[in-house]
């Protein structure tokens with residue numbers, strides 16, 4: 001008996017060709033909306049940058065204001081006595097002049113005068129201690145080079161062995177209050193020998209003189 005015939009498998013259909021889809025062009029309304037959105041984003045980014053810059057400037061200005069206020073408060077505390085201190089300088093000067101006006105030979109035979117001088121010296125020492133306690137420092141620059149920030153030249157004089165500009169005589173001591181000049185030391189200096197310029201005749205402008 002012959003074998004039954006095997007039916008042939010149907011042939012696969014031919015694949016349809018793939019057609020590339022063209023992107024759909026947005027409508028004019030969509031294009032306008034997209035353009036408006038991009039412009040709005042750019043405007044917001046620019047506004048954000050300006051706001052950030054303004055904020056940083058405001059923070060920096062506030063910090064500078066805080067520092068200035070702190071310095072002003074510190075200066076007010078440090079230099080509030082400047083006017084009163086200048087008045088006391090004359091008292092200190094007069095005490096020193098009184099002591100220097102008494103000939104030493106008079107003290108040996110005059111116990112009462114010696115006691116008076118001792119009292120004046122004690123008063124001067126106490127006054128100078130009060131000066132130091134409140135930041136007032138004496139400037140007595142004998143033998144130092146002239147410094148226009150702290151000294152005022154009153155005259156020049158020959159001084160063999162001293163370089164030109166060396167302070168050879170202190171006519172009146174000076175004072176500073178912390179880092180501000182209260183009064184320049186008035187001095188005489190060694191005469192210039194012609195090899196350099198003479199020192200200036202007044203206190204310099206570099207030191208803070210607003211005390």
Exercise. Using the per-residue mean of other Cβ atoms lying within 10 Å as a proxy for protection, in what order, highest first, do the peptides 122-128, 144-150 fall?
Worked result: 144-150, 122-128
Problem set entry | Whole-Å distance, taken between Cα centres, linking segment 91-165 and segment 31-85 | 53 Å
For this session: Order the peptides 184-190, 77-83, 25-31 from the highest to the lowest mean number of other Cβ atoms within 10 Å of their residues.
Result: 184-190, 77-83, 25-31
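Bear in mind that the values in this text are calculations on the coordinates, not laboratory data. Please read these numbers as outputs of a predicted model, since none were measured by experiment. Every residue, glycine among them, receives a Cβ derived from its backbone with ideal geometry; neighbour counts consider all protein chains shown.
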